[in-house]
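Visitor: Dumping the structure here so I can ask a few things about it.
Derivation of every value follows stated rules applied to the coordinates shown; laboratory data play no part. From a predicted model like this one, the values you see are computed outputs, not experimental measurements. Counting neighbours? That spans all protein chains shown, and the Cβs are built from the backbone with ideal geometry, glycine included.
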Amino acid sequence: MRKDIREGVRFYIMNDIKPNFAQMARQYDSDPRTIKKHFEEQQNPELIKPRKPVPEKAVSVK
């Protein structure tokens, strides 16, 4: 998760400004859908998906 995008989105939320996702995407060299996802996660933290557990590596057989 990119912290610079989250900081930019937080600026818009704190100032009650509706962000222009296309303009922010150009600014951060990202996809507008990514910016929108970060915006919606900041609005509603329950949307953040829990990470899947990483499976353990196979134990080598002697």
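Visitor: Go through (i) 1.08; (ii) 1.00; (iii) 1.25 and flag the label whose value is the computed Rg/Rh (Cα atoms, Kirkwood Rh) for this structure.
Guide: From the options (i) 1.08; (ii) 1.00; (iii) 1.25, the structure gives (iii).
Visitor: Taking a point 7 angstrom from the Cα of Glu7 along the C-beta vector, which residues in the range 26-62 have backbone N less than 14 Å away?
Guide: Those under the cut-off are 28.
Visitor: May I ask you to derive the relative contact order of the chain, considering only C-alpha pairs under 8 Å and at least 6 residues apart, and to give it as an integer percent?
Guide: Result for the chain is 29 percent.
Visitor: Give me the dipole magnitude in Debye, nearest 20, for the chain about the Cα centre, with unit charges on the beta carbon: positive for Lys and Arg, negative for Asp and Glu.
Guide: The dipole magnitude comes to about 340 debye.
Visitor: Considering only Val9, Pro50, Gln23, whose Cα is most displaced toward the positive end of the charge dipole of the chain, charges sitting on Cβ of Lys, Arg (+1) and Asp, Glu (-1)?
Guide: It is Pro50.
Visitor: Related question: Treating the angle as unsigned and between 0 and 90°, give the value, to the nearest 10°, between the Cα long axis of helix 3-14 and the longest Cα principal axis of the chain.
Guide: In the chain, helix 3-14 runs at an angle near 40 degrees to the longest axis.
Visitor: I've got another one for you. Using only helices, what value at 222 nm comes out for the chain when you add -39,500 (n - 2.57) per DSSP H run of length 4 or more and divide by the total residues, to the nearest 500 deg cm²/dmol?
Guide: -15500 deg cm²/dmol
Visitor: Follow-up. On full extension of the chain, what length is gained from Asn44 through Asp16, given 0.36 nm per residue of separation minus the C-alpha to C-alpha distance?
Guide: 8.6 nm
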